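Below is one structure, written out as structure tokens; the observations come after it.
The values are calculated or read from the model by the stated rules, or taken from the named source; none is laboratory data. Owing to the predicted nature of the structure, the values given are computational and were not obtained by experimental measurement. Neighbour counts are summed over all protein chains in view; Cβ atoms, including those assigned to glycine, are modelled from backbone coordinates with ideal geometry. The area values use the complete protein model at the heavy-atom level, side chains included, leaving out ligands, DNA and RNA. Shrake-Rupley method; radii C 1.70, N 1.55, O 1.52, S 1.80 Å.
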Amino acid sequence: MKVVSTPFTIPRVGLVLVATLLLGTSGQQSPADVSYDGPIVIRKGGTYSGNWRSLDPNTPAVDIATREPVIIENSDVEGRGTLIHSAFDRANVTIRNTRGVALNPDLPVSAKRAPGRFLNLEEFESAVVENNEMIGTSGMYFRKYLGDPERGQTIKVLRNRALNIDGRYSDGEDQFSSTGYRLVQFVQFNDIKDIQGAEVAWNEVINEPGKSRVEEVINMYGARGTASSRISIHDNYIQGAYPVHPGTDKYAGGGLMMGDGGSKTKEGAGGYIIAYRNQIVSTSNQGIAIASGNNIEVFENRVISSGYLQNGTPIAAQNVGMYVWDTAGNKQHGTFYNNLMRDNLVGWARPLKSPTAQNPLWLPDCAITGTGESRCTGNRVLPGPITLQMERQEYRRWQEKLRDAGVALGPQQAP
């Protein structure tokens with residue numbers, strides 16, 4: 001274990017984000033001159049900088065085994081399993097300016113092992129994840145928040161870039177299964193209750209067909225903020241969410257799942273979440289969904305999909321742009337209510353149905369006022385046809401948005 005008190009600069013490259021996929025430019029390759037140490041176990045708080053790699057799928061590259069505040073910054077982390085991990089130690093973690101690359105576990109498909117999470121936290125107190133780069137990982141998993149809002153303990157996921165969130169099972173050395181996979185996400189909240197100040201914002205996530213397998217890109221499973229401080233998911237750019245074979249496979253994932261995991265009790269239900277000003281592009285089954293919970297509001301988002309891959313192949317699982325639907329039948333238990341979708345812009349083509357078909361909105365369980373009027377109002381549907389060119393324009397719009405807001409994504413040079 002080593003603690004580096006003086007920050008240093010690590011050679012960095014941008015993700016191959018829009019290369020041939022969007023703009024036809026060529027991206028840089030990953031740096032080959034990073035020298036790695038072996039896995040590290042952190043048992044004392046402090047600021048840590050270094051390059052760590054684990055070639056054992058069962059050993060995290062970085063394992064945090066302390067409740068004392070830990071900062072990981074200006075680092076490179078690689079591994080065949082979880083990259084950064086902490087479980088049951090009530091961790092307080094900040095990760096910034098760090099590059100994480102998931103390696104193939106190189107195990108037979110019978111092992112059911114997918115590339116590792118960039119960050120896996122269970123029974124923790126606080127997490128700040130900002131200005132990082134993630135390549136080929138299975139995203140970030142946050143389970144069981146034990147923090148104290150009065151001490152400012154929360155979850156912040158800000159200004160990160162991710163390429164290819166991948167849940168495909170390894171099928172031997174440098175091979176992936178064409179059928180087996182785990183359900184993984186860029187961000188998964190699981191049983192995060194009564195948190196204040198939680199924010200997932202200004203992140204860029206691009207998933208390429210055939211090189212990734214994400215379920216929902218962001219999933220709020222049984223997650224709940226408070227009436228005065230809702231979980232805030234805003235100003236993210238999400239492109240791509242596909243099954244292993246997008247041209248033929250069924251698929252139940254998508255872009256944002258704002259309420260997931262049905263509950264018969266109000267204590268167990270998710271809620272108090274807002275999602276706004278996000279851009280969702282080509283995420284197959286759905287763009288943004290509310291399937292359970294209460295007091296969830298989705299507004300001023302842009303949800304665009306032509307229903308085609310970039311090579312012109314129609315997406316078999318192309319379904320609906322946005323929905324509010326009590327899939328678990330929780331209205332009868334009084335846990336699904338006051339969920340709204342308003343003032344969003346949607347263009348969601350269904351080319352396998354017809355060249356001009358769209359399915360932008362499905363709102364059977366949107367909140368109803370005392371006068372019997374739906375509160376899902378002001379949503380606009382783009383006139384068709386919805387094209388691949390319109391998808392490309394969304395990325396350009398995102399770049400302009402970042403520039404106008406002065407937001408820099410991914411690792412920044414250390415001073």
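Structure above, values below:
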quantity	calculated
First in the stretch 299-315 and open to solvent by 50 Å² or more (accessible area, probe 1.4 Å), second anywhere and among the aromatic types (Phe, Trp, Tyr), Cβ under 9 Å, 6 or more apart	300/276
Among residues of the stretch 228-248, those that are surrounded by 19 or more Cβ atoms within 10 Å (Cβ to Cβ), of a type outside the set (A, V, I, L, M, F, W, C) and touching a Phe, Trp or Tyr at 6+ places or on another chain (Cβ under 9 Å), counted	7
Meets criteria (among the charged types (D, E, K, R), in contact with a helix residue (DSSP H, G or I) (Cβ under 8 Å, 6 or more places away or on another chain) and open to solvent by 50 Å² or more (accessible area, probe 1.4 Å)) for residue 392	yes
Residues satisfying the stated conditions in the stretch 249-289, i.e. open to solvent by 10 Å² or more (accessible area, probe 1.4 Å), in contact with a Ser or Thr (Cβ under 7 Å, 6 or more places away or on another chain) and either free of Cβ contacts under 8 Å to residues at least 12 places away in the same chain or closer than 16 Å to residue 348 by Cβ (or both)	251
Pair list, Cβ < 6 Å and 6+ apart or interchain, from the stretch 205-223 residues that are in a loop (DSSP other than H, G, I, E, B) to residues that are open to solvent by 30 Å² or more (accessible area, probe 1.4 Å)	215/183; 222/191
When residues of the stretch 149-181 are limited to those that are more than 15 Å from residue 135 (Cβ to Cβ) and among the β-branched types (Val, Ile, Thr), the one surrounded by the most Cβ atoms within 10 Å (Cβ to Cβ)	157
Candidate set: the stretch 96-137, residues that are outside any loop (DSSP other than H, G, I, E, B), under 14 Å from the mean Cα position of the chain (by Cα) and among the β-branched types (Val, Ile, Thr); chosen: the one surrounded by the most Cβ atoms within 10 Å (Cβ to Cβ)	129
Selection count, the stretch 39-90, where residues are hydrophobic (A, V, I, L, M, F, W, C), open to solvent by less than 20 Å² (accessible area, probe 1.4 Å) and not in a strand (DSSP E or B)	2
Verdict on residue 356 being surrounded by 13 or more Cβ atoms within 10 Å (Cβ to Cβ) and either polar (S, T, N, Q) or not in a loop (DSSP other than H, G, I, E, B) (or both)	no
Residue within the stretch 335-348 that is touching a residue at least 12 places away in the same chain (Cβ under 8 Å), aliphatic (A, V, I, L, M) and in contact with a Gly (Cβ under 7 Å, 6 or more places away or on another chain) present	yes
Where residue 8 falls short, out of the listed (1) at pLDDT below 95; (2) touching a strand residue (DSSP E or B) at 6+ places or on another chain (Cβ under 8 Å); (3) among the hydrophobic types (A, V, I, L, M, F, W, C); (4) more than 30 Å from residue 398 (Cα to Cα)	(2)
Tally of residues being surrounded by fewer than 20 Cβ atoms within 10 Å (Cβ to Cβ) and assigned to a loop (DSSP other than H, G, I, E, B) across the stretch 329-341	3
